[in-house]
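Colleague: Please find one structure pasted underneath; my questions will follow.
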Amino acid sequence: MKKFLLFLGVISLAMFTACGPADQTGERATGDQEERRSAGQAAIADDGSDPTIVRIAAGSEDHTTLVAALDHANYVDPLANPGPFTVFAPTNDAFDQLPDGVVDDLLKDENLNQLLDILEYHVLIGVYETDAMFDGQLIGTANGPPVTIEIDDGGNVQVDGNNIMASIRAANGVVHVIDGVLIPE
């Protein structure tokens, strides 16, 4: 009996290792399929569901600098996960308001930790809609320090003094388009 079980174990192991990775149809995966599997959550093709925060930003011509920064900091996949997240998304014009050379310096490999710190300051864990925000509210960011919400007499919502110009619901949270870059102290 022991010889029979050992024989079954060897046969099972041989079959398992010979088959290799398979896709959902049971067929062996192609090189392209293997590359997508190792690319992370953001690489999953899904045209049927609501877009994620990352897909919203990537589809916006006003957020190419933000997307490049997210990509450089390897922060695309975390924001493609289920969340929920709130992301304050500075426009390209917002990045252009920074002093000359700041964005280029942040995109250098030696400044990766500083870039990631700034990006995480734009991310909240949970969904924070503008209609539920209140003046003086402090909300902790993904890197720790809180942002401050201000609401002026006209009902306009600001985060750390930057205007929230639009809000877009995503499958994994909400994107608030802002007119400035948030810099943690």
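The values are calculated or read from the model by the stated rules, or taken from the named source; none is laboratory data. What you see is a predicted model, and the numbers here were worked out from it, not measured in a lab. Neighbour counts run over all protein chains shown; Cβ positions are idealised from the backbone, glycine included.
Colleague: Name the single residue, out of those in the range 94-116 being of a type in the set (S, T, N, Q) and assigned to a helix (DSSP H, G or I), that is nearest to residue 163 (Cα to Cα).
Modeller: In the first step, residues of the range 94-116 are kept if they are of a type in the set (S, T, N, Q); the result is 97, 111, 113-114.
Pick out the ones that are also assigned to a helix (DSSP H, G or I) and you get 111, 113-114.
Details: 111: 27, 113: 26, 114: 24 Å.
Of everything passing the filter in the range 94-116, 114 is nearest to residue 163 (Cα to Cα).
Colleague: Could you check the range 145-158 and list, in sequence order, the residues that are in contact (Cβ under 8 Å) with a residue 12 or more places away in the chain and in a loop (DSSP other than H, G, I, E, B)? It would help to see each step written out before you state the result.
Modeller: First pass over the range 145-158, keeping only residues in contact (Cβ under 8 Å) with a residue 12 or more places away in the chain: 145, 147-151, 157.
Answer for the range 145-158, where residues must be in contact (Cβ under 8 Å) with a residue 12 or more places away in the chain and in a loop (DSSP other than H, G, I, E, B): just 145.
Colleague: Can you give me the number of residues within the range 84-105 that are buried (at least 21 other Cβ atoms within 10 Å of the Cβ) and within 18 Å of the chain's Cα centre (by Cα)?
Modeller: 7
Colleague: May I pose another question? Inspect all residues belonging to the range 128-139 and state whether any of them is of a type in the set (Phe, Trp, Tyr) and surrounded by fewer than 16 Cβ atoms within 10 Å (Cβ to Cβ).
Modeller: Checking the range 128-139: at least one residue is of a type in the set (Phe, Trp, Tyr) and surrounded by fewer than 16 Cβ atoms within 10 Å (Cβ to Cβ).
Colleague: Pairs please, first residue from the range 84-102 and touching a residue at least 60 places away in the same chain (Cβ under 8 Å) and in the same structural domain as residue 172 (by TED's automatic domain parsing), second anywhere and assigned to a strand (DSSP E or B) and of a type in the set (S, T, N, Q), Cβ atoms under 8 Å, 6+ apart in sequence or on different chains.
Modeller: That search, which allows pairs on different chains as well, returns 88/162; 90/162; 94/162.
Colleague: Additional query: Identify the residue in the range 159-185 that is touching a residue at least 60 places away in the same chain (Cβ under 8 Å) and part of a loop (DSSP other than H, G, I, E, B) and, among all such residues, is surrounded by the most Cβ atoms within 10 Å (Cβ to Cβ).
Modeller: This residue is 181.
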